[in-house]
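Asks: There's a structure below that I have some questions on.
The values are calculated or read from the model by the stated rules, or taken from the named source; none is laboratory data. In this text, all values refer to a predicted model and were calculated from it rather than measured experimentally. In this analysis, Cβ positions are derived from the backbone assuming ideal geometry, glycine residues included, and neighbour counts consider all displayed protein chains.
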There are 2 protein chains.
Amino acid sequence: MDGLTIQEAADTTGWSARMLRYVERAGLVSPERTPAGYRIYGAAELQRLRTLKELLAHFDVALSDVAFAARLETDMDLRAAVQTWLRAQAVRPEHVGPDDWLRFEQLKHQRLLEVV
Amino acid sequence: MDGLTIQEAADTTGWSARMLRYVERAGLVSPERTPAGYRIYGAAELQRLRTLKELLAHFDVALSDVAFAARLETDMDLRAAVQTWLRAQAVRPEHVGPDDWLRFEQLKHQRLLEVV
DNA sequence: CGAACCTTATCACGCTCGTGTCAAGGTTCA
DNA sequence: TGAACCTTGACACGAGCGTGATAAGGTTCG
């Protein structure tokens, strides 16, 4: 078989075996399994684990943040809603008319198409 | 003065006064202050609070998630890094060459330009 | 002035995150 | 066969989240 066991993967990536299971449960890196249920980490998974580690350390980000970003990536409705909310905030209040927010729904669906 | 005090804002938005201070500390809705330091919520803030409440409830999202999305919106470097990581995952492993991830840096800066 | 508000700071509480460790049991392989 | 791995599940624990309550003190306004 071509792949590392969880402990070997832990050793070469700097995560602990415990954390590899945790990362998997968070839905971020899910290795294949042998028929017996053993995790086998291939080159792709190992690389993802290393870059994930960099990402978290370099930007001081939480696993749940990355998981949420993944959700944003797939749930277009959520993505549009969040972005619309944020954009409305970014605008300076002075320039915002009292009914500008009424465009929420239009903006949302417009952005849903343009952003993908 | 044209604006509601924190308790009035709480009453009309469904948040508690306590939570309005908390939301502010999370950097999501920051009302102006009177010279004496009293928070004054204008129409814009009230609407943001209502839509934020909808957002959290409807999508079962945490305040910290929205805060992270805001960070993604402004920190382009973080945004590019996260998106690159996610994209690499989205690709089916079978089609991924062992050195595809080496394009990380190029992808990152390319996306940095294209995504804004 | 005094009631009714506002401010920040603090204690509390249950829940989740990130992490380790340990237990009970299955798998691999020399 | 037996040592060395793997699995899931659990207890633990400090830190932070979401939320309320309460205290000590300043502000507003009839």
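Asks: Go through the range B:26-49 and count every residue that is touching a residue at least 24 places away in the same chain (Cβ under 8 Å) and within 9 Å of chain A (Cβ to nearest Cβ).
Replies: Residues that pass the stated criteria total 4.
Asks: Residues to consider are B:ARG92, B:ARG21; find the one that is among the basic types (Lys, Arg), surrounded by fewer than 17 Cβ atoms within 10 Å (Cβ to Cβ) and modelled with pLDDT of 95 or more.
Replies: B:ARG21
Asks: Out of all the residues in the range B:48-59, which are over 18 Å from B:SER16 (Cβ atoms) and either at pLDDT 95 or above or away from DNA strand C (no atom under 16 Å from the Cβ) (or both)?
Replies: B:HIS58
Asks: Give the range A:1-49 a look and list any residue that's in a helix (DSSP H, G or I) and of a type in the set (Asp, Glu), or say none.
Replies: Correct list: A:GLU8, A:ASP11, A:GLU24, A:GLU45.
Asks: Now for a separate question. Whether any residue in the range B:52-64 is more than 13 Å from DNA strand D (Cβ to nearest atom), among the polar types (S, T, N, Q) and at the interface with chain A (Cβ under 8 Å from one of its Cβ atoms) is what I want to check.
Replies: no
Asks: Could you grab the pairs with beta carbons closer than 7 Å, sequence gap of 6+ or different chains, first residue in the range B:1-21 and free of Cβ contacts under 8 Å to residues at least 12 places away in the same chain, second one surrounded by 13 or more Cβ atoms within 10 Å (Cβ to Cβ) and part of a loop (DSSP other than H, G, I, E, B)?
Replies: B:ALA10/B:SER16
Asks: Still on this model: Mind listing whichever residues of the range A:4-23 are within 14 Å of another protein chain (Cβ to nearest Cβ) and within 11 Å of DNA strand C (Cβ to nearest atom)?
Replies: Within the range A:4-23, just A:VAL23 meets the criteria.
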